[in-house]
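Visitor: Have a look at this one.
Each value in this text was obtained by applying a stated rule to the coordinates, not by laboratory testing. Here the structure is a predicted model, which is why all the values come from computation and not from measurement. Here Cβ is always computed from backbone atoms with ideal geometry, including for glycine, and neighbour counts include all displayed protein chains.
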Amino acid sequence: MTGSPDDTSPRPPQPSSGRSATPTRRRPSAAWADLEPSFTGDDPLFAGRRGTRHSRPGQRRRRFLGYLLVALFALILGLGTGYARGYFASGDLGRRVTVVVPVGATLSSIAAQLEAKGVVKHARAFVIHAESDGYATKFMPGTYTFHQNEPYEELVALLARGVDPPTVKVSIPEGTTLKQAGGLVAAEVGTITAADYVAVARDDPPPFRLGGYKPGTTLEGMLFPATYEVIPKVKARAFVEKQLTAFSENFAKVDMTRALKVNLTPYDVVTIASMIDREALVPAERPMVAAVIWNRLRADMLLQIDATIQYALGKTKPVLTYDDLKIDSPYNTYKHPGLPPTPISNPGLAALQAAAAPADVDYLYYVARNDGTGRHYFSREYAQFLVDQEKAKANAQ
């Protein structure tokens with residue numbers, strides 16, 4: 001039987017379903033999730049509204065101020081770097097100036113020097129630019145030559161690369177004696193006197209080894225003649241050691257095969273070479289002079305080398321007298337057979353090579369021609385030697 005809308009009569013009780021009699025209102029997101037499992041309820045518009053609704057005014061202000069500070073810092077940094085970079089963008093080069101960067105100098109102190117000398121316009125701008133490019137600790141000490149208003153790229157490149165220390169050159173010719181070398185060194189190097197050089201090279205030599213050489217004795221002969229480039233404050237011992245190194249490097253190029261076969265030691269070869277460089281003025285005659293010395297040693301003849309007399313006298317004379325030839329000295333090869341006790345000069349590589357491998361000739365005599373060429377007459381017989389002497393006298397007139 002069906003009741004009308006106005007029917008208020010009691011209805012029979014309905015069977016329970018096990019749920020609450022009061023129905024629960026479900027969230028829209030939950031309802032959508034029932035229909036579409038992929039829906040999570042994170043509606044951006046809904047979430048945004050919810051976030052805005054629950055944000056506090058203080059938090060919003062702090063967040064805004066943080067963003068503003070970051071943007072302002074980036075702007076300042078960009079403007080500062082741009083300012084520093086712009087400081088080196090233009091300008092004509094000025095005069096040359098010298099800037100000394102000491103060991104341990106800071107970037108700021110270097111920049112201050114550069115500004116004081118006019119190399120850069122503003123020290124602080126240079127510091128900012130150099131730091132931004134990674135040069136804060138890369139500049140090398142040294143003495144630099146810059147232009148005023150030097151371009152930035154060239155400036156930092158040179159400071160980072162560094163400069164070689166200033167040097168002086170000392171040229172020692174072939175055949176120079178130990179004392180002569182000391183004078184040449186002292187004339188170019190302010191920290192070495194001739195006496196200093198002689199004291200090291202002759203009286204207190206550095207350790208050195210060579211076949212036939214007695215360690216601790218004079219280094220005459222092994223002070224290799226060359227042009228040396230050294231720092232201005234070099235000491236005598238360091239200079240001598242440099243010469244010994246050069247000698248060893250050059251003597252390694254000498255073929256000792258023939259010399260060893262006739263029982264000549266390396267030191268003997270140096271001694272022969274020292275006489276060659278004092279006697280032969282023309283390079284082509286070095287092997288010829290060497291041959292005369294070898295042949296006389298083989299024949300047990302006195303060497304009679306004028307250069308050994310001059311070494312004993314301690315000076316070079318254009319013409320030796322008979323009294324000179326009588327000097328009482330172990331270096332007098334007119335009186336004492338064999339080689340002198342030590343070399344009489346410091347020979348170059350060409351003389352060393354000639355001394356170890358002389359020309360294949362049988363000459364026993366030579367005499368200077370005196371014709372301005374620096375050459376000699378060579379002969380096998382004493383009679384021809386006398387003839388050559390007369391020719392030499394005629395040439396000198």
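Visitor: So what's the Cα pair-distance distribution over the range 303-397, bin width 5 Å, in %?
Guide: 2, 12, 16, 21, 25, 18, 6, 0
Visitor: To continue, here is another question. Using θ = phi - 60° and the Karplus relation 6.51 cos²θ - 1.76 cosθ + 1.60, list the HN-Hα couplings for the range 349-364 in order, rounded to whole Hz, with x at every Gly or Pro.
Guide: 5, 4, 5, 4, 5, 5, 5, 8, 8, x, 5, 8, 9, 10, 5, 10
Visitor: To continue, here is another question. Take peptides 128-135, 238-245 and line them up by average Cβ neighbours within 10 Å, highest first, as a rough protection proxy.
Guide: 238-245, 128-135
Visitor: Next question. Between Thr227 and Arg96, how high is the FRET efficiency from 1/(1 + (r/R0)^6) when r is the Cβ-Cβ distance and R₀ = 30 Å? Nearest 0.05.
Guide: 0.60
Visitor: So, one more: Under 5 Å between amide H atoms, partner at least 5 residues away or on a different chain: which partners does Tyr228 have, H built in plane at 1.01 Å?
Guide: Val170, Ser171, Ile172
Visitor: Okay, moving on. Stick to Cα atoms and the Kirkwood definition of Rh, then tell me Rg/Rh for the range 292-343.
Guide: On the way: Rg = 10.7 Å, Rh = 11.2 Å.
With Rg and the Kirkwood Rh in hand, the quotient comes to 0.96.
Visitor: Give me the one-decimal nm value for the distance between modelled label points at Lys235 and Glu249, 7 Å along each residue's Cα-to-Cβ direction.
Guide: About 2.3 nm separates the two model spin labels.
Visitor: Same structure, new question: Tell me, what is the FRET efficiency for Asp360 and Gln397 to the nearest 0.05, using R0 = 30 angstrom and their Cβ-Cβ distance as r? Intermediate values should be presented prior to the final figure.
Guide: Values: r = 35 Å, r/R0 = 1.17.
Rounded to the nearest 0.05, the efficiency is 0.30.
Visitor: Using only the alpha carbons, work out the radius of gyration and Dmax of the range 165-252 in angstrom.
Guide: For the range 165-252, the Cα radius of gyration and maximum Cα-Cα distance read 12.1, 39 Å.
Visitor: Could you pull out which residues in the range 345-385 have an amide N less than 20 Å from a spot 7 Å beyond the Cα of Met256, following the Cα-Cβ vector?
Guide: Within reach of a label on Met256: 345-359.
Visitor: To continue, here is another question. Tally Lys/Arg at +1 and Asp/Glu at -1 over every other residue whose Cβ is under 13 Å from the Cβ of Phe239; what's the total?
Guide: +1
Visitor: Within the range 286-309, find all residues whose amide N lies under 13 Å from a label point positioned 7 Å from the Cα of Asn263 along Cα-to-beta-carbon.
Guide: 298-300
Visitor: Say the cut-off is 27 Å between C-alpha atoms; which of Lys233/Lys253; Lys169/Lys317; Lys233/Lys317; Lys214/Lys261 go over it? Provide the component values of the computation, followed by the final result.
Guide: Details: Lys233/Lys253 32 Å; Lys169/Lys317 29 Å; Lys233/Lys317 35 Å; Lys214/Lys261 22 Å.
Checking Cα-Cα distances, Lys233/Lys253; Lys169/Lys317; Lys233/Lys317 exceed 27 Å.
Visitor: Using label points projected 7 Å from each Cα along Cα→Cβ, tell me how many nm separate Gln180 and Phe208, to one decimal.
Guide: For the pair Gln180/Phe208, the computed spacing is 1.7 nm.
Visitor: Separate question: For the range 253-363, what class follows from the C-alpha gyration tensor (a ≥ b ≥ c being the square roots of its eigenvalues): rounded when a/c is under 1.5, otherwise prolate if a/b is larger than b/c, else oblate?
Guide: Since a/c reaches 1.5 and a/b is larger than b/c, the shape of the range 253-363 is classed as prolate.
Visitor: Modelling each spin label as a point 7 Å along the Cα-to-Cβ direction, I'd like the Ser132/Lys335 distance in nm, to one decimal.
Guide: Simple spin-label model gives 8.5 nm for this pair.
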